[in-house]
Structures are given as structure tokens and as C-alpha cells.
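Down below is the structure, laid out as C-alpha cells.
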Amino acid sequence: MKSCIGVFDSGYGGLTILNGIRQRMPEYDYIYLGDNARAPYGTRSFDVVYEFTLQAVKKLFDLGCPLVILGCNTASAKALRSIQQKYLPQHAPDRRVLGVIRPTAEVVGKLSHTKHIGVLATEGTIKSQSYNLEIQKLFPECTVVGQACPMWVPLVENNEFDKPGADYFVKDSLLKLLAQDELIDTIILGCTHFPLLLDKINQQLSTLHPQPSTIKIIPQGQYIASSLEDYLHRHPEMASRLTRGGMCQYLTTESATKFRESATLFLHEEINVERITLN
Ligand code: DGL
């Protein structure tokens, strides 16, 4: 049986994380699980996001993953700590679950010159204040402001992210973020769906900001990948449990056909998809 790295997201967004990880470590075996039938998570309550995320983690454990990455900021913000502190010690002490917020926070303070950082994310992630807390723990000199972008995930999930209608919503959220702090020089895309809107974000930024080239936009994939690589170096006991066949299996709670069609936006390759249920 394969012993894979599991990557979980509410929908398609985690594919941007999976891509980053597989580019850096193509040798491992992976299972991607998207809870597309119940996405988006961004506006759901703390308890519901925890319950859904735990179901997904358990499924990935049952499928033989000793290590699961929550490739979803909302799940990382609302469920990770409880899973790590309450569920794992009692029920799966030999398994590990890692998130995407801490690794992003670790790099962002070093990238900003002004030490003024903006976060664009789902309502759930912004309300949780997870980025502010993590960044300020590591870089107390940083000021962090966040802006919820409630329409951005639906734009991506519905394949409208490169259409003219997306401009309005991208502009609106960017304006609101920049209005909060004019010294921002680093913007975290704190939702795994948002890298697909990068072209629109850059276009809008060039009209909204007097010096757009001074702003760094940070998609997470590459930083999560290097952080995971570092984790596996520091934990050879985990690395040695993982099989290395370079395979990737895709699971979704929605229709496999629908997933395959939409996933091509993120992956540009033929993929093997299976529908599963979570409970
Ligand atoms: N991709 C998820 C994230 O990174 C959010 C999408 C959703 O709202 O389900 O936050």
C-alpha cells in the first residue's frame, strides 16, 4: 500500500498548494482531496469547518496518509489547532497534520521592507485573525491589516476569474485593503484560490497604487513547499514512512467529471479522479 502525503482543501484552491509541493518534491506519492460538494468553507462557522476538516483528515488517514497538509487557509485558521492539540494526541499520535498559515507567516516578515503587511483572504480567515497573530508572534515589529474578499472564491470556483466581471470585485477588495494602510508593501494571498486572480490583481494594482512595482504579492505555493521540504529534513522518521512513486490520486466529494474539467484550470494535465463521501 502506498503511504502518501495527503493534501486537503475545501475545493480546487489547494491545487495551487499541491502544484508548489509537487514541483519541489515530485518523488513522493500524493492524494488530493477536495470537499467540492460542501465548498466554500470561507463563510462557514468555526464548528462546521472543524467538523468537515476532521472528516477529511480521517479519510486521508484511512487511505494510509501519515502526513496531511491542510492546503486551505480557512481550515488552517479554524481547525488546525484543535486537530493538532485535541484529536491527534488521543486518536492518531503517529500522524501529523500541518497547515499553510504558519509557513506563510514565517517568510512574509522577512520580505517586507516597510513592515506593513496586507492580507487578502476569506471572511473566515480574516475574522480568525490568524495571520495577524502568527506574524506578530514572529515579527512583533510588523503591522498587519486584513481584507475579506467574499466574492473571489466563487469567481474562481465558477471559472469567472479571468472574465471582465471579476475586475469589479478585485478592484473593490484591493481598494479596501490599501485604504487601511498606505505603507503596505507586501500582500499575502491568504486563500489558496487567489493565485488564479493574480493577473487581475496586478492589473488593478497598477491603476490603484502610485508605485505598483514596490508591492510584493505573495502566493503561498512555493513557501508551503519549501517549508514542507524543511519539515521532512527535520523529521526523517516521517520522510522514511512516505512512499516515493511520483503518483498523485485525486478525490472529490462532488462529481468526478466536474472536478476533472475544473481542475484543468489549475493543473494542465490529465488526472485520475474518484468521487468519495465524507461523514
Ligand atoms: N481555499 C480556501 C482557503 O484557502 C477557501 C475556499 C473556501 O472558502 O472554501 O481559504
- prompt: When both residues are 6+ apart or on different chains and their Cβ atoms are under 6 Å apart, which pairs have a first residue that lies in segment 164-177 and is farther than 9 Å from GLN204 by Cα, and a second that is open to solvent by 40 Å² or more (accessible area, probe 1.4 Å) and outside any helix (DSSP H, G or I)?
  reply: ALA166/GLU160; PHE169/MET151
- prompt: Based on what the data block shows, is GLN129 open to solvent by 70 Å² or more (accessible area, probe 1.4 Å), at positive phi and modelled with pLDDT of 95 or more?
  reply: yes
- request: Considering only segment 164-201, state which residues are within 23 Å of ARG260 (Cα to Cα) and either outside any helix (DSSP H, G or I) or more than 21 Å from the chain's Cα centre (by Cα) (or both).
  value: CYS191, THR192, HIS193
query: Under the condition of being in contact (Cβ under 8 Å) with a residue 60 or more places away in the chain and β-branched (Val, Ile, Thr), which residue from segment 91-121 is most open to solvent (accessible area, probe 1.4 Å)?
result: THR114
- request: Quick one: count up the residues across segment 169-183 that are in contact with a strand residue (DSSP E or B) (Cβ under 8 Å, 6 or more places away or on another chain) and buried (at least 18 other Cβ atoms within 10 Å of the Cβ).
  value: 4
task: Output the residue which, of all residues in segment 63-96 that are more than 16 Å from the ligand (Cβ to nearest atom) and among the hydroxyl-bearing types (Ser, Thr, Tyr), is farthest from the chain's Cα centre (by Cα).
output: TYR87
Qualifying residue in segment 134-142 (condition: open to solvent by 50 Å² or more (accessible area, probe 1.4 Å) and either of a type in the set (Val, Ile, Thr) or within 16 Å of the ligand (Cβ to nearest atom) (or both)): no
- line: Residue count, segment 1-41, condition farther than 17 Å from LEU196 by Cα, near the ligand (Cβ under 9 Å from one of its atoms) and within 13 Å of the chain's Cα centre (by Cα), comes to 1
- prompt: Among the residues of segment 149-163 satisfying the criterion of being free of Cβ contacts under 8 Å to residues at least 60 places away in the same chain and not in a loop (DSSP other than H, G, I, E, B), which is least open to solvent (accessible area, probe 1.4 Å)?
  reply: TRP152
task: Filter segment 23-44 down to residues that are open to solvent by 60 Å² or more (accessible area, probe 1.4 Å) and out of contact with any helix residue (DSSP H, G or I) (no Cβ under 8 Å at 6 or more places or on another chain), then give me how many there are.
output: 2
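One line per residue, one yes/no per condition, for (1) within 30 Å of LEU175 (Cα to Cα); (2) in contact with a strand residue (DSSP E or B) (Cβ under 7 Å, 6 or more places away or on another chain); (3) small (Gly, Ala, Ser):
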site: GLY71; (1), (2), (3): yes, yes, yes
site: TYR87; (1), (2), (3): no, no, no
site: ALA105; (1), (2), (3): yes, no, yes
site: VAL108; (1), (2), (3): yes, yes, no
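The values are calculated or read from the model by the stated rules, or taken from the named source; none is laboratory data. On a predicted model such as this, the values are computed, not experimentally measured, just so you know. Note that each Cβ is placed from the backbone with ideal geometry, even for glycine, and that neighbours are counted across all protein chains shown. We work out accessible area using only protein heavy atoms, side chains counted, and drop any ligands, DNA or RNA first. Shrake-Rupley method; radii C 1.70, N 1.55, O 1.52, S 1.80 Å.
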